[in-house]
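Working notes for the structure below.
Read the figures in this text as sums done on the coordinates, not as results from a lab. This structure is a prediction, so every number in the text was calculated from the model and none was measured. Neighbour counts run over all protein chains shown; Cβ positions are idealised from the backbone, glycine included.
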Amino acid sequence: MSCAACATDPMPTAPDEELRALDSELSAPEPELRPHLLEPDSLSRHIDQLFRAAWALCGSRDDAEDLVQETFVNVLKRPRWLRNRDEIGYLLRALRNTYNSRYRSAASRPRDRQLLETDLLDLERGDSEISAREIMEAIAGAPAQYRDAVIAVDLMGLSYREAARSLRTRESTITTRLHRGRQYVARALLVESPASA
């Protein structure tokens, strides 16, 4: 082919169009990274997980119910735009922030709690098993960073990666905090156990 032939033969347009389409696909944001509105109707799917997390934070069923309700009130006050599809991660952070706001001053005071009817049922049972209330109280007594890791992985069922993303830390940090948090809870339960007395 001569140079004159190159100048007269136009380049096919199909590859140009393909390149433009490919370029636009590469430059477009990924669909999962686009902000989306947190639908109020979708919150009901996460109530059980948030309640377990709140119970572990508070150590009391009644306080946990109040905390979940207050968290939902705060989240539903205005439309919430999420950067990814991690609704439970967002709700867990909102729950933890609500807890920190609500109980910051209460944490410095000694914890007094009135005796509830559910506590009497536990006392009447009289067996040496560790109750869910004792486990939640032990988790609530753990240092905050260990408690959050135990709540995210053991109570809410998040994977280590999901827990790391929702707690905004590395996965290896979650592994360490989870191990130490479990040790703390186990020691606290051994001290409270009637068999050790």
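Here are some notes:
- Within-14-Å neighbourhood charge of A164 [Cβ basis; K, R +1; D, E -1]: +2
- Each label point was placed 7 Å from the Cα along the Cα-to-Cβ direction; for R180 and A144 their separation is 1.5 nm.
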